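Chemist: The following block contains the structure, expressed as structure tokens.
The values are calculated or read from the model by the stated rules, or taken from the named source; none is laboratory data. Everything numeric here is computed off the predicted structure, so don't read it as measured data. With ideal geometry, Cβ positions are generated from the backbone for all residues, glycine too; neighbour counts draw on all protein chains shown.
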Amino acid sequence: MKQMLPHPHSDEFPAALRAAREASGMSRAELARKAGIHAVMPRRYEERDCGEFARPSESTYLALNRALGLMPEAQGGAMPSGEPAPLTLKEASIEQIVGELHRRGVQVSLTFPCRTENQVP
């Protein structure tokens, strides 16, 4: 039996989803149709550098596994154990914070101050 996809909050999830989709010979549109999600979502789940990168909910995660033939019911029918603990704001990188804000529909632009030679970091 094939393993389920890694937890959707893991760093491995986007590449694993793409690899499983490609191994099954499915297009993103076909995966979306079989999983019952909007056609744009597989791209948002697979491409970390996409400005609209997102993580699937638990129900969508399970639907993606089913659509890929990974049979979550045979493996307990739930998210895998050992999922990463949520990051605190203090622990999160700027990219993670901006990504989460984008996922929530917030537009963000960052401006960093320029340093002169006389300034101490």
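Chemist: Restricting attention to region 27-46, report how many residues are crowded, with 16+ Cβ neighbours inside 10 Å and in a loop (DSSP other than H, G, I, E, B).
Modeler: Here the count works out to 1.
Chemist: Here is a further query. Return a yes/no flag: does region 62-72 have any residue that is surrounded by 11 or more Cβ atoms within 10 Å (Cβ to Cβ) and at pLDDT below 70.
Modeler: Checking region 62-72: at least one residue is surrounded by 11 or more Cβ atoms within 10 Å (Cβ to Cβ) and at pLDDT below 70.
Chemist: Given the residues 91, 30, which is the only one that is among the charged types (D, E, K, R), on the phi < 0 side of the Ramachandran plot and at pLDDT below 85?
Modeler: Answer to the selection: 91.
Chemist: If you scan region 6-26, which residues turn out to be over 20 Å from residue 96 (Cα atoms) and either in contact with a Leu (Cβ under 6 Å, 6 or more places away or on another chain) or among the β-branched types (Val, Ile, Thr) (or both)?
Modeler: 20, 21, 24
Chemist: Let me ask something additional. Could you please tell me which pairs satisfy a Cβ distance under 6 Å, a separation of 6+ or placement on different chains, a first residue in region 94-121 that is surrounded by fewer than 10 Cβ atoms within 10 Å (Cβ to Cβ), and a second residue that is at pLDDT 75 or above and not in a helix (DSSP H, G or I)?
Modeler: Filtered contacts from region 94-121: no entries.
Chemist: Report whether or not residue 77 is at positive phi, more than 18 Å from the chain's Cα centre (by Cα) and modelled with pLDDT of 90 or more.
Modeler: no
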